[in-house]
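Chemist: Structure provided below as structure tokens; questions to follow.
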Amino acid sequence: MQHPSHGACCGCALGRREFLATTSVAAVGATLVGARPAFSRSEWDEYIDIGRFRPRPRVRALSAIVRMPPPYWLGWPGTSYDVSGAEREYGETFAAAARRVGVELAPFGSALENEEAVGRFVRQVQDEKPDAVLVMIQHIYVWRWVRQIAEAGVPTLVFSPVGMAFTGQVKDLSRRPGVHVISSLDTGAVEQGLRMVRAKKQLEATRLLVVAGKERKEEKWEGIGTTLQYIPRNELHELFAQAPVTDEMKEIASHMRRRAKKVVEPSRDDLLNAARSYVTAKRLLAREQCHALTTDCLGMVSTKVVPTPPCMAASIFQDHGVTYGCEADRNAALSLLLVSYLFDKPGFMNDPVPETVKNLLIAAHCTCGTRLNGFDVKQEPYILRSHSESDIGVSMQVLWKEGQKVTLALFDGPEKLIIDTGTVVGNVATPPAGGCRTSFEIAMDRIEDCRDVLGFHQVVFYGDHRRDLLSSARCSGITPVHSPDTRRAESRGGLRR
């Protein structure tokens, strides 16, 4: 539907509520003065695959088996252990995992069974400088060789099937920066370790577009390696004002409406404007040659330069593995990137609210992905709502699964990562509650009082991934931080008295 006051040349579905009452055509036109050249209608009609924005850097890893020369007599894993069968089975499993993750994993060569072979492999690692090394252990008395490989200066994943290690052998090595030791029969942990390697490369390859302020500049977050590209806020809403209604926008609006469990406030024009916001964001990312973005969305809504917040657009981005953060919050945006790259699922940037009667944390925001179990997994149900603070546009009320374990993660600058976990207790309706549309209660782990949860705009996501994040932080030289457990503090205080 074309808003008559916006002009037939554009065909935009502008307008609604307070925005229509306070924003004139002249005001919209005035923002275009000095703007970059407008895209042609044919350019707007060109489809941009959102998947192109997710970085896919080349990730290379060498692999090796370290063992004593078989056949074995006594000593773990024992004479009965099928050495060659395990080598073949694990090799096939790891190759398949690497293909799923997108890592080029060199197959096992001849097993390293003596000092000379280990030395040659260490020199190969130092010469080739792969992104990581995967070492599988097949005897309990070869850990000194594993340490030599880990000292080659390349991130090292060590897979030690149960029966190859005692606690004393892994206690120190497993806590060394750049080393990730897996003492388990769970081969899924190796796949997660490969994701950890890939995520590091993806973060280094990512250009995050920060749409805020009035100037263009660029900076790199040292330690993480992500480049932050800043552009003036007006460039986004001016581009939105230029956007005509396209067939893609109509299909997106229709698709989101069909898939919704219910539609409460938004009109069809609201959905069309939300779809315009989505296509505009893709167009901006392509123009700026970036991979993800975070915008001063509340600033644009409060000054009434757009008829809809980008909430629905951001939700669609998140479901496709491309980060769209809110409020130009860099820490939150980097946290969303980390979760997306490390776990292949969207995170939920939230405002933390204490529920002091039930002693629960409420996570609330108006932007939430729906594919919370993974990008290729069925959506969680959602209701289409307005943006609660402004009561305009389209926001997602995503219904989180009760009883679901969740993890909270938030960068506190590039050197610290807040990590906590909990369980979803239930969803919160608005009304009777105020605040953002996606809102749910979390019973926190290891935290006595909900008021003590650290951070703001923490990223919540499905699964208990506390140990995975700890391993990732340690391997990257990032300090993990947890919310305080006041029970422990009180217990220590009692002992001191």
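Chemist: Tally the residues that are closer than 21 Å to Arg259 by Cα and not aliphatic (A, V, I, L, M), restricting the search to the range 288-323.
Modeler: Residues in the range 288-323 being closer than 21 Å to Arg259 by Cα and not aliphatic (A, V, I, L, M): 10 in total.
Chemist: Out of the residues in the range 388-420 meeting the condition of being surrounded by fewer than 18 Cβ atoms within 10 Å (Cβ to Cβ) and touching a helix residue (DSSP H, G or I) at 6+ places or on another chain (Cβ under 9 Å), tell me which one is nearest to Arg268 (Cα to Cα).
Modeler: Across the range 388-420, the extreme among qualifying residues is Asp391.
Chemist: Here is a further query. Among the residues of the range 357-365, is there at least one that is in contact with a helix residue (DSSP H, G or I) (Cβ under 6 Å, 6 or more places away or on another chain) and at pLDDT below 95?
Modeler: No; the residues of the range 357-365 include none that is in contact with a helix residue (DSSP H, G or I) (Cβ under 6 Å, 6 or more places away or on another chain) and at pLDDT below 95.
Chemist: When you scan the range 274-301, how many residues do you find that are more than 17 Å from Ala243 (Cβ to Cβ) and either touching a helix residue (DSSP H, G or I) at 6+ places or on another chain (Cβ under 8 Å) or free of Cβ contacts under 8 Å to residues at least 12 places away in the same chain (or both)?
Modeler: 4
Chemist: Going through the range 132-179 one residue at a time, which ones are in a helix (DSSP H, G or I) and of a type in the set (Lys, Arg)?
Modeler: Arg144, Arg147, Arg175
Chemist: I would also like to ask the following. Determine which single condition Thr430 fails, assuming it passes every other condition in (1) among the hydroxyl-bearing types (Ser, Thr, Tyr); (2) under 27 Å from His255 (Cα atoms); (3) touching a Phe, Trp or Tyr at 6+ places or on another chain (Cβ under 9 Å).
Modeler: (3)
Chemist: Another question, then. Can you find a residue that is in contact (Cβ under 8 Å) with a residue 60 or more places away in the chain, assigned by TED's automatic domain parsing to the domain that holds Asp329 and farther than 23 Å from Phe39 by Cα anywhere in the range 231-243?
Modeler: Checking the range 231-243: not a single residue is in contact (Cβ under 8 Å) with a residue 60 or more places away in the chain, assigned by TED's automatic domain parsing to the domain that holds Asp329 and farther than 23 Å from Phe39 by Cα.
Chemist: Can Ile182 be described as in the same structural domain as Trp73 (by TED's automatic domain parsing) and over 30 Å from the mean Cα position of the chain (by Cα)?
Modeler: Against the criterion (in the same structural domain as Trp73 (by TED's automatic domain parsing) and over 30 Å from the mean Cα position of the chain (by Cα)), Ile182 does not qualify.
Chemist: Is it fair to say Gly325 is free of Cβ contacts under 8 Å to residues at least 40 places away in the same chain, under 23 Å from Leu284 (Cβ atoms) and touching a His at 6+ places or on another chain (Cβ under 9 Å)?
Modeler: Taking the combined requirement at face value, the residue satisfies it.
A quick yes/no check of all residues on (1) surrounded by 15 or more Cβ atoms within 10 Å (Cβ to Cβ); (2) out of contact with any helix residue (DSSP H, G or I) (no Cβ under 8 Å at 6 or more places or on another chain); (3) part of a helix (DSSP H, G or I):
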{"position": "Pro70", "(1), (2), (3)": "yes, no, no"}
{"position": "Ala96", "(1), (2), (3)": "no, yes, yes"}
{"position": "Arg99", "(1), (2), (3)": "no, yes, yes"}
{"position": "Gly109", "(1), (2), (3)": "no, yes, no"}
{"position": "Arg120", "(1), (2), (3)": "no, yes, yes"}
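Chemist: A follow-up question, please. From Glu191, Glu128, which residue is loosely packed, with under 15 Cβ neighbours inside 10 Å and in the same structural domain as Arg99 (by TED's automatic domain parsing)?
Modeler: Glu128
Chemist: Out of the residues in the range 367-387 that are buried (at least 24 other Cβ atoms within 10 Å of the Cβ) and either of a type in the set (Asp, Glu) or over 16 Å from Lys262 (Cβ atoms) (or both), state the one that is modelled with the lowest pLDDT.
Modeler: His387
Chemist: Something else about it: Please identify the pairs in which a residue from the range 425-442 that is of a type in the set (D, E, K, R) has its Cβ atom under 8 Å from the Cβ atom of a residue that is assigned to a loop (DSSP other than H, G, I, E, B), counting only partners at least 6 apart or on another chain.
Modeler: So the pair list comes out as Arg437/Cys366; Arg437/Ser388; Arg437/Thr430; Glu441/Lys358; Glu441/Val428.
Chemist: Another question, then. Taking only pairs six or more apart or across chains, which ones have beta-carbon atoms under 7 Å, a first residue in the range 404-420 that is at negative phi, and a second residue that is of a type in the set (Phe, Trp, Tyr) and outside any strand (DSSP E or B)?
Modeler: Close Cβ pairs satisfying both conditions: Pro414/Trp221.
Chemist: Looking at the range 55-68 only, could you name the residues that are assigned to a strand (DSSP E or B) and either of a type in the set (A, V, I, L, M, F, W, C) or out of contact with any strand residue (DSSP E or B) (no Cβ under 6 Å at 6 or more places or on another chain) (or both)?
Modeler: If the condition is that a residue be assigned to a strand (DSSP E or B) and either of a type in the set (A, V, I, L, M, F, W, C) or out of contact with any strand residue (DSSP E or B) (no Cβ under 6 Å at 6 or more places or on another chain) (or both), then Ala61, Leu62, Ala64, Ile65, Val66 are the ones that fit.
The values are calculated or read from the model by the stated rules, or taken from the named source; none is laboratory data. Just so you know, these numbers come straight off a predicted model, no measurement behind them. Note: ideal-geometry Cβ built from the backbone for every residue, glycine included; neighbour counts use all protein chains shown.
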